[in-house]
Every structure is written in structure tokens, then in C-alpha cells.
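Enquirer: Dropping the structure in here first, questions after.
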Amino acid sequence: MTASPPVPAVRRAPLSLIGSTVDKHISRLQRGYLDDRSDAVATLARLRRGVGRSAGATPDLWGLTGTEPLYAAYESGALTEEALRWADEAAHAAVTLWALHQQAHHTTRMHRRHGLELGTAVRRLHPGTEIDEPTRKRFVRAGTATTPAVLAGRLRDLVLLLRRDDIPLDYGLLADQLYGWQQPGGPQRIRRSWGRSYQFAHRTADTATPDATDRPDDTDGTTPEDDTP
């Protein structure tokens, strides 16, 4: 039998402060949840209530989304007030969506550092090489959202499908994209990226191995702890 060719690597920029903050916070919560720690389980239950809402709409989540480093960056002048607002919304959406995604998965990480981009993950929902039209339409609706809250609500529908099929996401990358989405010209840039990853996943579907996208990238500072459930 001829071995399958390697899956082409997708070049990504390093995570920004927003993405790395979300990655570290989710990774910590995820370890606690998979260890069945009562505090982590309770935190995830509370975080799920914030899905599809703006960052300031759920006071019960203050202090639970891990945004303290972003406020420290604002205090030091590294983030403007407008950038802080974008970062807060992005982190809130990413962390609450992950909490929904992780629900009932007690042995599998639904956040994977260096994992799947949204378009790639959605394409894996399709059976074989066929297009599942209802899923595709949900993906298209997410791409046409006009506000952060509407976008988060439409991403919720996709996350529920990914949870059903045990397909993880890179939530640090998603947080960076949700931050960029709020900037001038951002929706167009992020839509292009999601669309490219969706199309790229189709071209490589027949050659990808099941764990190909879960391998850590040692050049990006991953430690063994980052990839341990």
C-alpha cells in the first residue's frame, strides 16, 4: 500500500496578545474540566450563558473570561481604548463559544493550539467529499454577520455541530480573527481566510490523516503542558 502524501502545512502568523491570552486561559480551564475539577466545571457552566451576548451584557462573567492581561496592556498604553473594546469582545466570544464546544466532552480537548481554523473544521462536517447544504448555509450566514453579537450567535450554531461530531478548533486563532473582524476592512479579510481554509480542506480531504492537524508546532513555543489534556 502506498503511503498517503503529507498534508501541506498552512502558514500562520504567531498569535497576538489577544489570541495568546485566550489560548492560555482556555488551556488552563480545559485542563481543570478534563480533570473533573468542580470549580472548572462550574465556570464552564456559567461561561455558556454568555454565548451570543456582548462582553458587557453578562456581569456574572466578569473575571471569568481571562481578559486581565488585556486590561493590563491598556493601562500600560499598549492597547487603545478602542482596541481594548475589540479585544474584550473577541475574547468573550471565543471563551464562551469554547465553553459550549467543550460541554460533555470529558476526555477530549475541543480547543487545540495549532489546531483547525473555522473553515477547515466546518468542511469536516461534510460527509466525504459531498457538500452538506444546510451546514454550508450556516457557514455562509456566519460570514455575512454585521455585528459581533450576531456573528457570535451564528458561530454558536456551527459550534454545536462541531461538538456533535467531536471536531476541535483553535480558539486562540479564532479570538485573533474575531478581533481583526471588528477593525476597518476586517470582515472582508476574515471571510477570505475562512473561505480559503474551507476550500483548502476540500482539496486535502482525501490525503489528510486523522491527527494531522493536531500535531504541535515545536517552532511556536509549545510546551508538553500545552498539549496535555
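Enquirer: How big is the accessible area of E81 in square angstrom, nearest 10, if you roll a 1.4 angstrom probe over the protein chains?
Expert: 130
Enquirer: Now for a separate question. Could you tell me the relative contact order of the range 45-104? Use alpha-carbon pairs under 8 Å, at least six residues apart, and round to a whole percent.
Expert: 51
Enquirer: Tell me, in nm to one decimal, what length is gained between A104 and W62 on full extension, where the rule is 0.36 nm per residue of separation less the Cα-Cα distance?
Expert: Stretched fully, the A104-W62 segment lengthens by 12.7 nm.
Enquirer: Leaving ligands, DNA and RNA out of it, work out the accessible area of W86 with a 1.4 Å probe and give it in Å² to the nearest 10.
Expert: 40
Enquirer: Would you tell me the accessible area of Y33, worked out with a 1.4 angstrom probe on the heavy atoms of the protein chains, in Å² to the nearest 10?
Expert: 10
Enquirer: Label the range 36-113 by shape, choosing from rounded, prolate and oblate, from the square roots a ≥ b ≥ c of the eigenvalues of the Cα gyration tensor; if a/c is under 1.5 it is rounded, and otherwise prolate applies when a/b is larger than b/c, oblate when it is not.
Expert: Prolate.
Enquirer: Using a 1.4 Å probe on the protein chains only, how many percent of the accessible area of the range 1-160 belongs to carbon and sulfur?
Expert: Carbon and sulfur atoms account for 53 percent of the accessible area of the range 1-160.
Enquirer: Taking the solvent-accessible surface of protein heavy atoms with a 1.4 Å probe, what is the per residue accessible area of the range 63-189 in Å²?
Expert: Ligands and nucleic acids excluded, the figure is 41 Å² per residue.
The values are calculated or read from the model by the stated rules, or taken from the named source; none is laboratory data. Since we're looking at a predicted model, the values are computed, not measured. Note: areas computed on protein heavy atoms with side chains; ligands, DNA, RNA excluded. Shrake-Rupley method; radii C 1.70, N 1.55, O 1.52, S 1.80 Å.
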